[in-house]
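The values are calculated or read from the model by the stated rules, or taken from the named source; none is laboratory data. The structure displayed is predicted, hence computed values, not measured ones. Cβ: placed from backbone, ideal geometry, glycine included. Neighbour counts: every protein chain shown. Ligands, DNA and RNA are stripped out before the accessible areas are found, and what is left, the full protein with its side chains, is counted by its heavy atoms. Shrake-Rupley method; radii C 1.70, N 1.55, O 1.52, S 1.80 Å.
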Amino acid sequence: MGRRRCRGDRRNAVGALPEAIAALSQTLPAGPSPEIFRRAKFDRPEAAPALWQLVFRVLLPLPADEAQVRLVKSALRSHGYPRQALAQLPEDGSQGSRELLLALAWLLARGPLLEQLLAQTHVRLGDEIPLCEVPLASLGPPAPRREADGPVDIRHLQWLMGKLRFQWRNLSTSQQEQCALLGKIHSYTRGCHSDHSLGHLSVAETKLLRDPEGGRQVRAALESENVRLEAALAWRRQELLFWRWMDTVLDICPLETSPPTFPPRTPASGGGELELVARELQAVHEELQGAAESRRAAWEARVRGGGWGPEWSAVQRASQEAVGRELTALQWAWEQGGALAQPHGPRRLVKRDTGASGGPGLRAAEVIGALRSRESCLEAELCRLQTQCRQELGRLARATPGLIWIPPPAR
């Protein structure tokens, strides 16, 4: 009886695997059939074009072109994909179905990929505004400096700066006009919405009233989104079957010759050698720690004694002021209820009366206050950088005899 029950469970799992893969394919953009996944397990070349297209659509939501293989390789490399076998595939996209299957599974296991794809294809009927609470320092390292190939014309730089300011003013003006139009639509349609928590119609809903034929397209889009959401729920219920199947794919996959990106498993034997290496590493660590402490003590003594002159004192004061400003901004955000902890993303705009009770969302006054606080910090940082630039220009002007330095007029 036990063997029959195990065989029955195995048959049910094998029969449910195509359903799980089909649900995953419906959730992904341009998802292939479960048969393509089965052929990719055995590295069949006929499954490669569909998987190249799938991974390309997942990584880069752009129209396909001739360079999609190269773009997929570059995007996976930038995401930190560890396998080198995919980078060695030919550029014509005729091979590598198994490697692409492994890459897709790696992307699924790495983060909320399906949630991001569903958010990209979400049908938005409300008036939304993007809200980002990510600090500037977390957006990545600054771009490396590049030296000019030849002499730089200062007039060309001034023209570029003027063009940039003009574009920023146009963008700000267009956003103000858009906000004004949204305010008029929200005021004129107050009381027309069936949801009393909203109270007014959005731009998309107003267009549906003026053009009833467009409602068919919106209904078709909503039905397609519901199908994708139902497929995502079915995938979550049967996800474990897919990962067990991926274990069998890894079992028949050749090993990488490159060093792994994770620490190797230490064997049980050879404990004496490992203890010896551990003691040597501990001795080296203590030696380096002693050398670092001595150098730190010498550096602190030199700073206290004023061995670096007034320039170092000015840099130290500027750093302390910058840290103080950042601490003030963080303290203000904490007192306001943790504004930095708010999730970022699109938010629906809802116009409420002044005395109305607040809902679960964010009020415009809170967002404006946080933006003004951030603006003051950025202005202070800009003034500090401008002062450093003026000091550097003054130093260069004094170092070159006969050079007349005329500062730009104050704005």
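Of everything in region 27-52, what is modelled with pLDDT of 90 or more, within 21 Å of residue 110 (Cβ to Cβ) and open to solvent by 30 Å² or more (accessible area, probe 1.4 Å)? Give them in sequence order.
Passing the criteria: only 41.
Sort out which residues of region 319-337 are open to solvent by less than 90 Å² (accessible area, probe 1.4 Å), assigned to a helix (DSSP H, G or I) and at pLDDT below 65, and write them in order of number.
Listed by number, the residues that qualify are 332, 333.
Restricting to region 76-100, and then to whatever is surrounded by fewer than 17 Cβ atoms within 10 Å (Cβ to Cβ) and assigned to a helix (DSSP H, G or I), can you tell me which residue is nearest to the chain's Cα centre (by Cα)?
79
Might you let me know whether region 285-308 holds any residue that is within 30 Å of residue 80 (Cα to Cα), at pLDDT below 75 and among the acidic types (Asp, Glu)?
no
Residue 316 - would you say it is at pLDDT below 75, open to solvent by 60 Å² or more (accessible area, probe 1.4 Å) and touching a helix residue (DSSP H, G or I) at 6+ places or on another chain (Cβ under 9 Å)?
Criteria met by residue 316.
Across region 174-202, what is the number of residues that are of a type in the set (Ser, Thr, Tyr), open to solvent by less than 50 Å² (accessible area, probe 1.4 Å) and without any contact (Cβ under 8 Å) to a residue 24 or more places away in the chain?
Residues flagged as of a type in the set (Ser, Thr, Tyr), open to solvent by less than 50 Å² (accessible area, probe 1.4 Å) and without any contact (Cβ under 8 Å) to a residue 24 or more places away in the chain within region 174-202 amount to 1.
Tally the residues that are outside any helix (DSSP H, G or I), touching a helix residue (DSSP H, G or I) at 6+ places or on another chain (Cβ under 7 Å) and open to solvent by 30 Å² or more (accessible area, probe 1.4 Å), restricting the search to region 223-255.
Counting residues in region 223-255 that are outside any helix (DSSP H, G or I), touching a helix residue (DSSP H, G or I) at 6+ places or on another chain (Cβ under 7 Å) and open to solvent by 30 Å² or more (accessible area, probe 1.4 Å) gives 1.
Okay, residues lined up against (1) of a type in the set (Ser, Thr, Tyr); (2) closer than 28 Å to residue 233 by Cβ; (3) in a helix (DSSP H, G or I):
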{"site": "31", "(1), (2), (3)": "no, yes, no"}
{"site": "43", "(1), (2), (3)": "no, no, no"}
{"site": "70", "(1), (2), (3)": "no, no, yes"}
{"site": "74", "(1), (2), (3)": "yes, no, yes"}
{"site": "102", "(1), (2), (3)": "no, yes, yes"}
{"site": "105", "(1), (2), (3)": "no, yes, yes"}
